[in-house]
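The values are calculated or read from the model by the stated rules, or taken from the named source; none is laboratory data. Nothing here was measured: the structure is a model prediction, and the numbers come from that model. Positions of Cβ are backbone-derived with ideal geometry, glycine not excepted, and every protein chain shown enters the neighbour counts.
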Amino acid sequence: MKRFRWISVIAMVLCLALVAASPVLAAEEGAEASPLTPVFQWINFAIVAGLIGWLLVKKAPPFFARRATQIASAIDDAGRVKAKADAQRRDAEQRLANLAAEIEQLREAARRDAAAESQRIQAAAKEEAAKIQAAARLEVDAAARGARIELRALATRLSIERAEAVLRAEMTPAAEEGMFTTFLGELSSAGAAPGRLN
């Protein structure tokens, strides 16, 4: 149905165009101008103007209504997009306003963490120092015991050497002979004693 309407409208426009163009074509061919030429021109003008007016009245309102609806829809869409953009902008501004506070909170948390880490490191260092000190005390005590043992051994060796030196200095051949005689006497008295028991 719409197709038939469009075909009829196109056919009518072509017929009117031919009617409107015939005086112009006749004038161009060199034919004598008829006294009715201005009348036909006015009639052609009226037909063309009427056709244009009819098209505007018939087709323009739905076209403009559709365009108005599209424009209103686009305005609504733009309003929604603008509202969304405004919300995002407000959110960004709020975050930006809170950014300084968040940075300060992060810095404070970093300070607390650094202080806690420092205390932990100090406690670990004190504990390690105590362990090292205890180990050093044990090593010193062990070294002192070893030194005392070595000192005793040295003192014993020196005492023996000194005693030997004194004995060598005091041992004369006469003293040796006296000692030997005393020794033999003790042996002989010791040998007689077991005989007596038998």
Residue match in region 172-179 (condition: part of a helix (DSSP H, G or I) and polar (S, T, N, Q)): no
Considering every residue within region 101-120, establish whether at least one is in a helix (DSSP H, G or I) and in contact with a Lys or Arg (Cβ under 9 Å, 6 or more places away or on another chain). yes
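Listed here are the residues, each with its yes/no results for (1) more than 37 Å from the chain's Cα centre (by Cα); (2) modelled with pLDDT of 90 or more; (3) at negative phi; (4) surrounded by fewer than 10 Cβ atoms within 10 Å (Cβ to Cβ).
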{"position": "49", "(1), (2), (3), (4)": "yes, no, yes, no"}
{"position": "64", "(1), (2), (3), (4)": "yes, no, yes, no"}
{"position": "92", "(1), (2), (3), (4)": "no, no, yes, no"}
{"position": "99", "(1), (2), (3), (4)": "no, no, yes, no"}
{"position": "120", "(1), (2), (3), (4)": "no, yes, yes, no"}
{"position": "126", "(1), (2), (3), (4)": "no, yes, yes, no"}
Of the listed residues (169, 142, 115), the one being without any contact (Cβ under 8 Å) to a residue 40 or more places away in the chain and exposed (fewer than 10 other Cβ atoms within 10 Å of the Cβ) is 169
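Looking at the structure I just gave you, is residue 98 in contact with a Leu (Cβ under 9 Å, 6 or more places away or on another chain) and part of a helix (DSSP H, G or I)? Give the steps one after another, and end with the answer.
Numbers: in contact with a Leu (Cβ under 9 Å, 6 or more places away or on another chain): no; part of a helix (DSSP H, G or I): yes.
So residue 98 does not fit the description; no.
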Selection status of residue 130, surrounded by 10 or more Cβ atoms within 10 Å (Cβ to Cβ) and under 60 Å from the mean Cα position of the chain (by Cα): yes
